[in-house]
């Protein structure tokens, strides 16, 4: 058997184990919260011994950092997709905000680890820088609407705070998945978010004399 084939097969095997570890961590977090996630439980979930986990990750925090990076990558893609659904800047930002919110509903466990929520804490991470990269389409839109570059950082932060606030409230008050009440509540909050961003944009434009 050619050595190159063996190397590729081993690489695929290791990648599969690593992916299994990450998925196990997310599943444990969904079922019992991030406080319950441990190396031992991850190993049990993928039916390996704890030393196998340490072959791929230095510790639990390394697992969380990897999931953070994956989360911001997914968020960036959803935000970019949201931007591409419209041509007018105002509507683009409304759709971007909705995409951001939809991401948190689709991947709540990732959102929690990305922003150190629900008992998660990952040290040494510049979440603001990662959010800036993921939210660059929103940042660029707001650049064209602010009165001066000196105000842009504050305006971008305010936008993030509005969307994050809706996400936090939705997470804390989330109804049982699949229930009619959940769908109704989701639709209502989605409408509220769109209205909030529209009012926010009106204020930004007014402040800039537009």
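Return the inverse of the average 1/r over all pairs of distinct C-alpha atoms in the chain, which is the Kirkwood hydrodynamic radius, in Å to one decimal.
Values: mean 1/r = 0.0522 Å⁻¹.
Computed over Cα pairs of the chain, the Kirkwood hydrodynamic radius comes out at 19.1 Å.
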Worksheet item: When the chain is treated as a GNM, springs tying every alpha-carbon pair under 10 Å, which of 28, 93, 75 comes out with the largest mean-square fluctuation?
Response: 28
Discussion item. Counting pairwise Cα distances across the stretch 43-160, what percent come out greater than 24 angstrom?
Written reply: 37
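Determine the relative contact order of the chain: mean sequence separation of Cα pairs under 8 Å and six or more apart, normalised by residue count, in whole percent.
Numbers: 170 pairs, mean separation 38.2, N = 210.
It comes to 18 percent, rounded to a whole number.
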Worksheet entry | residue 80 versus residue 136: modelled label distance in nm, points set 7 Å from Cα along the beta carbon direction | 0.8
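Which of the peptides 66-74, 146-154 is most tightly packed, and how do the rest follow, judged by the mean count of other Cβ atoms within 10 Å per residue? Intermediate results must be reported in sequence, preceding the final value.
Numbers: 66-74: 18.0, 146-154: 12.3.
Highest-to-lowest ranking by the protection proxy: 66-74, 146-154.
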Worksheet item: In degrees, nearest 10, range 0 to 90: what is the angle between the Cα axis of helix 60-83 and the longest Cα principal axis of the chain?
Response: 40
Worksheet entry | the stretch 93-198, relative contact order in percent, only Cα pairs under 8 angstrom and at least six apart counted | 36
Worksheet, complete the sentence: With Cα springs under 10 Å, the Gaussian network model of the chain assigns the largest mean-square fluctuation among 182, 118, 23 to 182
Worksheet item: Per-residue ellipticity at 222 nm for the chain, helices alone: DSSP H runs ≥ 4 residues times -39500 (n - 2.57), over residue total, nearest 500 deg cm²/dmol?
Response: -25500 deg cm²/dmol
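What FRET efficiency, computed as 1/(1 + (r/R0)^6) with R0 = 41 Å and r the Cβ-Cβ distance, is obtained for residue 203 and residue 61, rounded to the nearest 0.05? It would help to have the intermediate numbers written out before the result.
Values: r = 40 Å, r/R0 = 0.97.
The pair residue 203/residue 61 has a calculated efficiency of 0.55.
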Worksheet, complete the sentence: At R0 = 22 Å the Cβ-Cβ FRET efficiency linking residue 70 and residue 36, nearest 0.05, sits at 0.65
Response to the item:
Plugging the Cβ-Cβ distance of residue 123 and residue 87 into 1/(1 + (r/R0)^6) at R0 = 30 Å yields, to the nearest 0.05, a FRET efficiency of 0.10
Item to complete: Calculate how steeply helix 3-32 sits against the longest principal axis of the alpha-carbon atoms of the chain, using the helix alpha-carbon long axis, and give the answer as 0 to 90 degrees to the nearest 10.
Response: 60
Item to complete: Any chance you could check the Cα centroid distance between the stretch 79-99 and the stretch 110-185 for me, in angstrom?
Response: 15
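All of the numbers you see were taken from the coordinates with simple rules; none came from a lab. These figures come from a predicted structure and were not determined experimentally. Neighbour counts run over all protein chains shown; Cβ positions are idealised from the backbone, glycine included.
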